[in-house]
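The values are calculated or read from the model by the stated rules, or taken from the named source; none is laboratory data. Keep in mind that this is a model prediction, so the values were computed, not measured. Glycine gets a Cβ as well: all are built from the backbone with ideal geometry, and neighbour counts include every protein chain shown.
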Amino acid sequence: MVRSRKLRYRWLILPVVLASLLIPSPDGVRADDLADDIRMRQEKMDEAAANLAAAKSDLDRVYWQREQIRLKLQNTEYEMNLARAKHAVLDAQRQDVQATWSKLDASVKETEARLASRKGQFHSRLRAIQERGRVSYLGVLLGSASYGDFLSRMEMLQTIVKHDVELMTVIRADKQQLEGERTAAAAEEARLKGLAAQAQEQADLAAAKQAEFNQQDKALQEGQRALELAIAEWEVVYERLGEEIYKLQLEQKRKAGRFAPIEPIRGYPPITDDFGFGPDPIVGGNRNHGGTDFGANRGTPILAIEDGVVIARRYDSVYGNLLIIDHGGGIASWYGHAESYMVSEGETVKQGQQVGKVGSTGYSTGPHLHLEIRVENVRKDPMSYLPPR
């Protein structure tokens, strides 16, 4: 039998942990401390990952334990139903045997009454013969018309007595047989009653085991809910720390004069067409795709991937509504197929600022954003610059 185990997990102290781990990111004036801040958050992130893995391992164990209990519950349910069915059959058989015993008991009593009546008649007749003695024989003789008649009467008296004896012998034998059958019926009833009691005991035992397993499963279910909540919270911690580290790394890159872009659409939209050589979705065949396409609904905000200056905003037969931002150092980002743009040439933009809305203008099969990153006007794979997904 499985013992019920209380679930105690150290991951249930997450509210305090969350407050201690999610330290506000620096605002850029702490340039000398960026490396230390990144290292500190990385340590916390490693700790969160370890706790997350441990919590998931415990959750897997709880799933396994609950599955074992589920199987045991199925087994005890089968045992209980089988025992109850067996008890019902045995109890019905016992009732049938009890009815048979009642009939046999009535027959025995009836036979005893018949035997008693026959004995009474026989004893009365014997007493009469003993009391009368020779007088009786004289009466028979005197009442006879002839000697032959006398013999006939004597023979008749003897036949009556013999018949009484034989009849009582038959009744006595019937009584003995009925008593034997009644005793056997009583024994069979007792046997069936004992078996029915055993079946009921088995059913009660299975029901008790089932109640115990249900109690164990209830405790495990509570632990499961606590672990699932802890895992969800640790995942938030892990993601937040990752975001903070990424922001700090961007800050480091900026201070070092390096290009550190973000994704042009929030929420990690699906990539519908990768950079490089591949099939043309409109005319078929293969072509060299110079950017990355992000699928999004019409009107979805388009964000500047890095600080820069707008150097072009125009319509192109291929790119549709096109926007180009210069980020310095020979790096520029191109945004194509927009529904519209909300910045103008010469305007300075900040990373994450909305510069337009997703559309399907130009050479396009549906709403999406075509993003290019060019270094010295050479197209590069945007995903090699954007943060990993």
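For region 159-182, enumerate the residues that are among the polar types (S, T, N, Q), modelled with pLDDT of 75 or more and either loosely packed, with under 13 Cβ neighbours inside 10 Å or not assigned by TED's automatic domain parsing to the domain that holds Arg84 (or both).
Matches in region 159-182: Thr169, Gln176.
Criterion first (within 18 Å of Trp64 (Cβ to Cβ) and without any contact (Cβ under 8 Å) to a residue 12 or more places away in the chain) does Lys253 satisfy it?
no
So, Gln354, is that one closer than 29 Å to Leu34 by Cα and in the same structural domain as Ile38 (by TED's automatic domain parsing) or not?
No, not satisfied.
Given the conditions (1) surrounded by fewer than 20 Cβ atoms within 10 Å (Cβ to Cβ); (2) assigned to a strand (DSSP E or B); (3) touching a strand residue (DSSP E or B) at 6+ places or on another chain (Cβ under 7 Å), report the number of the one that Arg287 does not fulfil.
(3)
Testing Gly295 on (1) touching a strand residue (DSSP E or B) at 6+ places or on another chain (Cβ under 8 Å); (2) free of Cβ contacts under 8 Å to residues at least 40 places away in the same chain; (3) closer than 23 Å to Ala260 by Cα, one condition comes back false. Which one is that?
Among (1) touching a strand residue (DSSP E or B) at 6+ places or on another chain (Cβ under 8 Å); (2) free of Cβ contacts under 8 Å to residues at least 40 places away in the same chain; (3) closer than 23 Å to Ala260 by Cα, Gly295 violates only (2).
Does any residue in region 224-235 that is in contact (Cβ under 8 Å) with a residue 24 or more places away in the chain and in a helix (DSSP H, G or I) come within less than 7 Å, Cβ to Cβ, of a residue that is among the hydroxyl-bearing types (Ser, Thr, Tyr) and surrounded by 14 or more Cβ atoms within 10 Å (Cβ to Cβ) six or more places away or on a different chain, and which pairs are these?
Ala226/Tyr9; Leu227/Tyr9; Ala230/Tyr9
Hey, among the residues in region 249-284 that are of a type in the set (A, V, I, L, M) and either surrounded by 11 or more Cβ atoms within 10 Å (Cβ to Cβ) or under 13 Å from Leu386 (Cβ atoms) (or both), which one's modelled with the highest pLDDT?
The qualifying residue modelled with the highest pLDDT is Ile265.
Residues in region 329-338: is at least one at pLDDT 95 or above and either polar (S, T, N, Q) or not in a strand (DSSP E or B) (or both)?
yes
Run down Ile325, Ile331 and say which single residue is among the aliphatic types (A, V, I, L, M) and either more than 20 Å from Met383 (Cβ to Cβ) or buried (at least 21 other Cβ atoms within 10 Å of the Cβ) (or both).
Going through Ile325, Ile331 in turn, just one is among the aliphatic types (A, V, I, L, M) and either more than 20 Å from Met383 (Cβ to Cβ) or buried (at least 21 other Cβ atoms within 10 Å of the Cβ) (or both): Ile325.
Read through the list (1) aliphatic (A, V, I, L, M); (2) closer than 17 Å to Arg182 by Cα; (3) without any contact (Cβ under 8 Å) to a residue 12 or more places away in the chain, then give the number of the only condition that Val108 fails.
Result: Val108 passes all but (3).
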